[in-house]
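Taking it in order: structure first as structure tokens, then the write-up.
The values are calculated or read from the model by the stated rules, or taken from the named source; none is laboratory data. Please read these numbers as outputs of a predicted model, since none were measured by experiment. So basically every Cβ, Gly included, is an ideal-geometry build from the backbone, and we count neighbours across all protein chains shown.
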2 protein chains.
Amino acid sequence: MSSVPASDDKNVTDQLALRRSQSLTSIVQLEIERLILQGELAPDTRINELSLANQLGVSRGPVREACRTLQALGLIESKPNRGFFVRLLTTKEAIEAYNTRAAIIAYAGMTLAPVIEQPQLELLNHLLDKMDTVVSRGEVGTYDPINLEFHDSILRMAGNERLRQTYHDLLREQHLFRHRGLSDGDNLAVSNREHRLIVDSLASKDANAAFNSMRDHVLLGMQRMLNAGSQ
Amino acid sequence: MSSVPASDDKNVTDQLALRRSQSLTSIVQLEIERLILQGELAPDTRINELSLANQLGVSRGPVREACRTLQALGLIESKPNRGFFVRLLTTKEAIEAYNTRAAIIAYAGMTLAPVIEQPQLELLNHLLDKMDTVVSRGEVGTYDPINLEFHDSILRMAGNERLRQTYHDLLREQHLFRHRGLSDGDNLAVSNREHRLIVDSLASKDANAAFNSMRDHVLLGMQRMLNAGSQ
DNA sequence: TCATTGTAAATTGTTGACAGTTTACAATAA
DNA sequence: TTATTGTAAACTGTCAACAATTTACAATGA
């Protein structure tokens with residue numbers, strides 16, 4: 001026991017716990033992931049191990065280990081003797097990811113519908129209202145986080161963490177498609193109308209309707225993305 | 001151009017291509033994966049980096065990189081400062097994996113049913129017959145590979161490689177549950193009756209029936225596994 | 001006997017160095 | 001000009017060594 005006050009003691013404990021869980025590799029991994037998802041490392045660019053290591057103040061070991069993890073997650077790919085490259089999703093791969101994501105969340109909706117409870121429906125309705133508000137105010141940037149929370153809430157309520165993880169793995173991967181981040185324009189209002197259909201089907205406790213509304217929402221989102229990309 | 005015969009030339013080219021695609025890391029990864037899936041490295045055991053490296057005649061670098069990949073694949077987990085451990089699936093996690101797998105392949109069946117063609121149905125029927133044969137002869141060990149090919153064929157026919165990959169990721173992960181590998185006894189005949197129901201639903205081109213038969217098959221397999229484990 | 005402390009061995013985390021391959025580019029020839 | 005060859009620089013693949021942490025275990029005391 002040290003002589004410092006209890007509050008500081010807890011601080012030290014927390015810092016140690018943090019230190020233990022955060023190896024250099026995991027920090028580097030999160031940083032590369034951030035660079036990729038925020039577009040600072042564009043698809044198809046090579047990841048220079050040495051310069052990245054210097055930039056982060058570490059050696060190449062942790063960088064390479066982090067890259068292996070990100071490779072398995074599908075964010076980067078390894079070309080032997082040539083290095084790691086940020087992955088670029090083809091249109092075919094993007095379509096496949098969308099369909100797989102549709103399979104996942106439609107199943108979640110199907111299992112959730114028969115057992116959903118009133119407070120859960122209220123939470124979803126609350127998120128719907130928030131999205132309507134930001135759409136009507138034209139606050140485009142704030143829609144996405146609420147949208148994300150809406151879908152994640154449904155996955156949480158479905159109660160299958162593995163299903164939820166798979167969904168997020170696919171969502172992360174989809175950032176690697178060219179046409180991501182294009183302005184959605186008026187589509188946000190359309191998207192939220194689909195959200196209402198989803199909540200309606202869940203409220204009616206109709207498994208098939210929930211399955212269809214969730215699947216259709218993802219696939220219609222795919223159509224919007226493909227249309228935006230072809231313009 | 002070298003002066004060696006063409007046949008040798010091709011050999012050299014192949015070897016170079018092989019050499020290029022097989023970094024030490026990928027070889028080590030496959031070897032650890034084999035050790036785990038064949039039960040030579042049991043769940044919850046620590047992976048000693050140095051001894052494994054010596055055993056394979058490489059240094060710790062490639063071993064650690066391979067472990068990061070396998071960690072991302074969910075086969076091993078990393079405890080900071082304590083090393084890599086073969087993952088052990090809890091019953092809850094196994095159930096979640098089964099349900100996620102059901103979601104995946106049910107969706108594949110649903111999309112395949114309306115568009116399946118006669119030669120594809122014939123291939124599936126051929127596999128059914130082969131499984132019936134080995135079951136009637138009591139050749140337990142040969143059932144599994146055909147069973148695997150049956151499901152994989154359906155996923156291939158569905159035409160979504162990402163869906164197929166996710167399915168196999170989940171299947172691989174399920175080897176980490178305690179009660180795997182218990183003798184299935186008479187259940188193989190039951191399993192193959194379910195296979196016939198699947199092919200029937202596909203042949204009728206009924207998307208909903210295909211979805212249900214595929215989902216039920218995976219979930220009934222889960223029940224069999226849970227029952228076997230509780231005995 | 002049992003719990004506690006201290007020390008050595010084992011093991012992981014990280015680094016820097018070297019070998020082999022790829023890439024960039026200047027020199028040469030058609 | 002364009003294609004080809006040769007050379008140097010840059011970079012990846014791999015290894016061995018050192019630092020930091022954990023583990024094993026003997027020594028000590030209640």
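Residues of region B:71-83 being under 26 Å from B:F177 (Cβ atoms) and out of contact with any Phe, Trp or Tyr (no Cβ under 8 Å at 6 or more places or on another chain), which ones? First the steps, then the outcome.
First, pick out the residues of region B:71-83 that are under 26 Å from B:F177 (Cβ atoms): B:71-80, B:82-83.
Of everything in region B:71-83, those that are under 26 Å from B:F177 (Cβ atoms) and out of contact with any Phe, Trp or Tyr (no Cβ under 8 Å at 6 or more places or on another chain) turn out to be B:A72, B:L73, B:G74, B:L75, B:P80, B:R82, B:G83.
Filter region B:179-231 down to the residues that are assigned to a loop (DSSP other than H, G, I, E, B), at pLDDT 95 or above and buried (at least 16 other Cβ atoms within 10 Å of the Cβ) and list them by number. Talk me through it step by step, then tell me what you get.
Of all residues in region B:179-231, those assigned to a loop (DSSP other than H, G, I, E, B) come to B:179-186, B:204-206, B:230-231.
Among the residues that remain, those that are also at pLDDT 95 or above are: B:204-206.
Within region B:179-231, B:D206 is the sole residue that qualifies.
Which one is nearest to A:L170 (Cα to Cα) among residues in region A:57-69 that are surrounded by 19 or more Cβ atoms within 10 Å (Cβ to Cβ) and at the interface with chain B (Cβ under 8 Å from one of its Cβ atoms)?
Keep residues of region A:57-69 that are surrounded by 19 or more Cβ atoms within 10 Å (Cβ to Cβ), which gives A:62-69.
Retained after the next criterion (residues that are at the interface with chain B (Cβ under 8 Å from one of its Cβ atoms)): A:64-66, A:68-69.
Details: A:R64: 23, A:E65: 22, A:A66: 19, A:R68: 18, A:T69: 15 Å.
Among them, the one singled out is A:T69.
Could you list all residues from region B:78-109 that are closer than 20 Å to B:T166 by Cβ and either within 10 Å of DNA strand C (Cβ to nearest atom) or more than 12 Å from every other protein chain (Cβ to nearest Cβ) (or both)?
The one that is closer than 20 Å to B:T166 by Cβ and either within 10 Å of DNA strand C (Cβ to nearest atom) or more than 12 Å from every other protein chain (Cβ to nearest Cβ) (or both): B:R87.
May I ask you to list the residues in region B:53-69 that are within 12 Å of DNA strand D (Cβ to nearest atom) and in contact with a helix residue (DSSP H, G or I) (Cβ under 9 Å, 6 or more places away or on another chain)? Please lay out each step first, then the result.
Pass one, region B:53-69, residues within 12 Å of DNA strand D (Cβ to nearest atom): B:53-54, B:56-66.
Answer for region B:53-69, where residues must be within 12 Å of DNA strand D (Cβ to nearest atom) and in contact with a helix residue (DSSP H, G or I) (Cβ under 9 Å, 6 or more places away or on another chain): B:A53, B:L56, B:V58, B:S59, B:R60, B:G61, B:P62, B:V63, B:R64, B:E65, B:A66.
Within region A:61-86, how many residues are of a type in the set (S, T, N, Q) and either under 18 Å from B:L75 (Cβ atoms) or in contact (Cβ under 8 Å) with a residue 60 or more places away in the chain (or both)? I'd like the intermediate steps shown before the answer.
Filtering region A:61-86 down to residues of a type in the set (S, T, N, Q) leaves A:69, A:71, A:78, A:81.
Next, from what is left, pick out any that are either under 18 Å from B:L75 (Cβ atoms) or in contact (Cβ under 8 Å) with a residue 60 or more places away in the chain (or both): A:69, A:71.
Residues flagged as of a type in the set (S, T, N, Q) and either under 18 Å from B:L75 (Cβ atoms) or in contact (Cβ under 8 Å) with a residue 60 or more places away in the chain (or both) within region A:61-86 amount to 2.
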